[in-house]
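These notes are about the structure you will find just below.
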């Protein structure tokens, strides 16, 4: 009787845990996913607007590159304060306020007429968006236990290639039309800015700050999430300063990988529409539609790479291989004669580099302690966004300076290959993943002869002495 009672209790608890985890994911992740798509669309809208801006305003590649890059100066300036605001005040209010502000600034970018106005608008946009991504990551930590947090982040990051897949043909169609005597690229900023304002207001009502504020969870579900999150907080560990984090060899390697990967990555994302337009002379609508191909390839590659990495319990090569493939794509642009089909194939190969993102950002939590992992994420994110400023600007400068794309493609290939090599130098990734799996394995069977279908549902489950 005692064994039967114990078994029934375990099954009841497992059902509660399973229902709570799935209910939380279905309630929050789809909405956050949409928010991140809108975020990335607004951030990269200038890449497509540049086609019309260069035509109507006469902006050079150098002006365009600087306009893209200056965004990250503002972005870096408030990223850490934005993180603290989300943690110590309200992640929900931080996310909502950031969206309303950046949506308004995106729409106002439609009024740009001079390079200085573009620089100012992009700088302010970076300030407005700075707290969104760290705010969302902090928000996830308030709702998802550690074993679910990496998957939640991976689902969120899939919005990057999907936003480019959606945004490319949409932006191409918008900038190819004029309404009410206003150029299409100006309408692009307005039409991509307004959804952020509306969704920001909705986010304030849709996203409760904490599980205890969620009317759609029962009292027992609220108690379980709160208890699990509290139990996962490090006990008796001192805080790790940024200086201490920087002295870690692994953290330095992670920072170098993120810098070298983001440098050509952002340059490619922001410059590909302009490069394809100049090479082919196709209409704006046609260019946008064709660019859905490489971004679609990137989406499939990201989803497959994340699934396969978890299946194989391997991180190092699943991060390095997409970067090496992107380097080959850049080399191919130097070697093969230009044609529409070849260019799209090579652009697709370059965009495969996005497949490394979910695996890379999961690594710090697997190889470092909790406090060190948080510091490593902050350091790597900051370094990566410095590269976000330098990449598009450097590519535009090299093109203007040399009058050729060869130097830019060469720099891209070197950076991607270098980041892959450094990634392979980081020790302990596969061993740590195996260790985690071995720790979970004993939880598969709680009672003799009773195997539970999802061992990840259980925290510390032990057999009753009875």
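When segment 275-299 is examined, which residues are found to be in a helix (DSSP H, G or I) and surrounded by fewer than 20 Cβ atoms within 10 Å (Cβ to Cβ)? Passing the criteria: 275, 278, 279, 280, 285, 286, 289, 292, 293, 296.
Taking the numbered list (1) surrounded by fewer than 16 Cβ atoms within 10 Å (Cβ to Cβ); (2) within 17 Å of the chain's Cα centre (by Cα); (3) under 19 Å from residue 263 (Cα atoms) in turn, residue 322 passes all entries but (1).
Among the criteria (1) more than 20 Å from the chain's Cα centre (by Cα); (2) surrounded by 17 or more Cβ atoms within 10 Å (Cβ to Cβ), the one residue 29 does not fulfil is (1).
Please indicate, with yes or no, whether at least one residue in segment 118-130 is closer than 30 Å to residue 309 by Cβ and in the same structural domain as residue 55 (by TED's automatic domain parsing). Even if it seems obvious, please write down each step before you answer.
First pass over segment 118-130, keeping only residues closer than 30 Å to residue 309 by Cβ: 129-130.
Going one step further and asking which of them are in the same structural domain as residue 55 (by TED's automatic domain parsing), we end up with 129-130.
Within segment 118-130 (the criterion being closer than 30 Å to residue 309 by Cβ and in the same structural domain as residue 55 (by TED's automatic domain parsing)), the answer is yes, since at least one residue qualifies.
Taking (1) part of a loop (DSSP other than H, G, I, E, B); (2) touching a residue at least 24 places away in the same chain (Cβ under 8 Å) in turn, residue 126 satisfies each apart from (1).
Condition check ((1) under 23 Å from residue 24 (Cβ atoms); (2) surrounded by fewer than 22 Cβ atoms within 10 Å (Cβ to Cβ); (3) in the same structural domain as residue 122 (by TED's automatic domain parsing)) across all residues:
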residue	(1), (2), (3)
155	yes, yes, yes
166	no, yes, yes
169	no, yes, yes
174	no, no, yes
180	no, yes, yes
183	no, yes, yes
187	no, yes, yes
195	no, yes, yes
198	no, yes, yes
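Report yes if residue 85 is in the same structural domain as residue 197 (by TED's automatic domain parsing) and out of contact with any strand residue (DSSP E or B) (no Cβ under 8 Å at 6 or more places or on another chain), otherwise no. Answer is yes for this residue.
For segment 181-199: of the residues being outside any helix (DSSP H, G or I) and modelled with pLDDT of 85 or more, which is nearest to residue 290 (Cα to Cα)? Going through the qualifying residues, I end up with 183.
The values are calculated or read from the model by the stated rules, or taken from the named source; none is laboratory data. Remember, it's a predicted structure, so these values are computed and weren't measured experimentally. Quick reminder, even Gly has a Cβ in these numbers, built from the backbone with ideal geometry, and neighbours come from all protein chains shown.
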